[in-house]
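For reference, the structure discussed in these notes is given below.
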Amino acid sequence: MTYGELKKRVLQLIFSYSIAGDEIELTYNNQEDYVKQIPGLLNSAQTYVYQVKKFQDCVALSHLDKQDYGTEEMFFLPDDCLKMKPGLIQPGIDEYGYPFKRYNRYRLFGGNRLLLPTGDAEKYNLLLEYERRGVPAPENAPDNYVLKNTDEVNEILPFYIAAFVVMYDDAFRYSALYNEFETRLQRLEPNPTYVELNAVDDLYGGFYNGWCI
């Protein structure tokens, strides 16, 4: 969805897009005031959605910006990284036959950087798995600016924005729009859900003469 399409959806929801089929000019009543509220409310809506629904993403470390740091390499986490998942993914069959290993020879540095021994990222083809945050849209975004969300997320954003646009003018319409937003948000599935299985060497400890120790 483009920013222009989003803006059109918002104005349609608050019945401020057209009169008798003709598109309303910005100079008509509060039209321009409504339009100028949309960029800020869009970013608020994205922040809220990504805080409630934990969207996952994955990227190869080779695609991240990096710099040398003594005997280590410093990798900068992606701009949309809200929280990295522990353990980098190392593709390849482990000793139990699982299709990847977990690499833990790294240190999180400064909140948004990773330190690894030089060459390990390339040697092991390491992948970073993380929870995403919404990518803010520019305040002066052109109509052809493409929003950095999935179609499912973009479909619910206009309800949040429209609710807050009319909040002080029409409490009933605000409630209806916001409730619809929350209803759609609860139905939103951020990612396929799966159970990750890992082998456990010894769940209860070792055994000695038939006794668990």
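The values are calculated or read from the model by the stated rules, or taken from the named source; none is laboratory data. For clarity, every value in this text was computed on a predicted model and none was experimentally measured. Glycine gets a Cβ as well: all are built from the backbone with ideal geometry, and neighbour counts include every protein chain shown.
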Any idea which of A121, A176, A137 is of a type in the set (G, A, S), within 14 Å of L42 (Cβ to Cβ) and surrounded by 13 or more Cβ atoms within 10 Å (Cβ to Cβ)? A137
Checking V10 against (1) on the phi < 0 side of the Ramachandran plot; (2) surrounded by fewer than 16 Cβ atoms within 10 Å (Cβ to Cβ); (3) not aromatic (F, W, Y), which test does it fail? (2)
Restricting to strands (runs of 3 or more DSSP E) lying wholly in the stretch 69-154: which have 2 or more residues that are under 27 Å from Y50 (Cβ atoms), under 17 Å from the mean Cα position of the chain (by Cα) and touching a residue at least 12 places away in the same chain (Cβ under 8 Å)? 81-84, 127-132
Being touching a helix residue (DSSP H, G or I) at 6+ places or on another chain (Cβ under 7 Å) and not hydrophobic (A, V, I, L, M, F, W, C) narrows it down to one residue among Q37, Q67; which is it? Q37
All but one of (1) under 14 Å from V135 (Cα atoms); (2) in contact with a helix residue (DSSP H, G or I) (Cβ under 8 Å, 6 or more places away or on another chain); (3) in the same structural domain as Y124 (by TED's automatic domain parsing) hold for C81; state the number of the condition that does not hold. (2)
Can you tell me which residue is modelled with the lowest pLDDT among those in the stretch 141-187 that are basic (K, R) and under 20 Å from E5 (Cβ atoms)? K148
So E73 fits all but one of (1) surrounded by fewer than 18 Cβ atoms within 10 Å (Cβ to Cβ); (2) assigned by TED's automatic domain parsing to the domain that holds L114; (3) in contact with a Lys or Arg (Cβ under 8 Å, 6 or more places away or on another chain); what number is the exception? (1)
Unique match (being closer than 18 Å to N149 by Cβ and among the basic types (K, R)) among K53, K36: K53
